[in-house]
Amino acid sequence: MSILDRFQKDKTSGIREDMDKDVAIEVEDLVMEFKVTKDKIDTLKEYVIRTIKRNKNEKRKIRILDGVSFKVYRGERVGVLGFNGSGKSTLLRVISGIYEPTEGTVKINGKVAPLLAISAGFDKNYTGKNNIYLNGAFLSMDENYLNEKYDEIVEFSELGEFINYPVKNYSKGMQSKLGFSIATAIQPDILILDEVLGVGDIKFRRKSTQRIENMMKDGVTVLLVSHSLSQVEKICDRCIWIENGKIVMEGEAKKVCNAYVKSSKKK
């Protein structure tokens with residue numbers, strides 16, 4: 001039986017009306033904007049001309065998230081749906097603390113394990129060991145805790161002596177193994193997943209999937225972005241559908257997934 005099948009067997013049907021109403025994540029009137037250049041500079045001549053005219057840095061704002069508000073209650077498993085460019089991954093990065101919102105608030109109640117681009121945040125010139133402490137600090141783990149967990153992180157990552165080599169010499173798979181091992185070294189209250197349910201080679205994927213499964217069985221709150229609707233329906237109690245940075249539908253997972261599929265056929 002696959003990890004998804006196990007979750008489907010245990011998952012509460014529909015929205016859990018009898019659940020503990022403690023709020024794990026509260027997002028209110030969230031706006032996220034980025035500044036982008038209006039056009040690119042292709043030649044050195046154009047760069048010099050624009051420097052003289054002082055207009056090489058003309059920028060405009062694009063709004064990725066526009067007034068997003070929702071709550072995730074403790075123990076819920078909530079999926080986030082949306083077409084490419086809808087703002088899903090940006091939302092998870094704001095909630096994880098990677099981006100500072102332009103407007104609005106995000107309130108988190110508990111320890112967060114964000115499994116996003118899990119090798120992001122590494123300094124490629126530092127060793128794997130150095131990056132354990134660097135990445136761990138970003139995830140709010142103090143030095144004493146990392147000292148206690150260091151051997152466990154290295155063992156789980158399967159990097160062995162490579163832990164003392166610069167990360168720039170690692171393959172993508174090795175970086176993913178280390179990133180996953182660091183991010184899951186804590187016992188989180190909230191698990192944030194962006195298309196991640198297993199990383200690395202076949203052996204490590206089995207092990208990492210088992211670790212995520214154990215976290216979910218312990219009642220961890222889950223916020224999941226995935227393009228796999230079958231995955232979302234089997235894991236999640238509820239779904240939030242985002243389009244053009246706004247919530248267009250929120251509710252029981254199957255209903256939202258069905259509406260999302262119908263919408264995709266019209267595009």
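The values are calculated or read from the model by the stated rules, or taken from the named source; none is laboratory data. All figures in this text were calculated on a predicted structure; none of them were measured in a lab. Backbone-built Cβ (ideal geometry, glycine too); neighbour counts: all protein chains shown. Only protein heavy atoms, including side chains, enter the accessible area calculation; ligands, DNA and RNA are left aside. Shrake-Rupley method; radii C 1.70, N 1.55, O 1.52, S 1.80 Å.
Comparing Cα centroids, region 206-267 and region 57-108 end up 15 angstrom apart. A 1.4 Å probe, protein heavy atoms only, puts the accessible area of ARG205 near 100 Å². For region 207-267, what % of the accessible area comes from carbon and sulfur atoms, probe 1.4 Å? C and S fraction of accessible area: 48 percent.
What does the accessible area per residue of region 121-267 come to in Å², with a 1.4 Å probe and no ligands, DNA or RNA counted? Each step should come with its number before you reach the end.
Working: 7170 Å² over 147 residues.
The answer is 49 Å² per residue.
With 23 Å as the limit, the listed pairs LYS35/LYS246; LYS71/LYS254; LYS59/LYS107; LYS172/LYS217; LYS71/LYS265 have LYS59/LYS107; LYS172/LYS217; LYS71/LYS265 beyond it between alpha carbons. State the percentage of accessible surface on region 63-144 attributable to carbon and sulfur atoms; use a 1.4 Å probe and exclude ligands, DNA and RNA. Using a 1.4 Å probe with all protein chains present, region 63-144 comes out at 44 percent carbon and sulfur. For VAL248, the accessible surface of its heavy atoms amounts to roughly 80 Å² (probe 1.4 Å, protein chains only, rounded to the nearest 10).
When all protein chains stay in place and ligands, DNA and RNA are ignored, the 1.4 Å accessible-area order of TYR133, TYR165, largest first, is TYR165, TYR133. Net charge of the neighbourhood of ILE163, taken over other residues with C-beta under 13 Å away and scored Lys/Arg +1, Asp/Glu -1, is -3.
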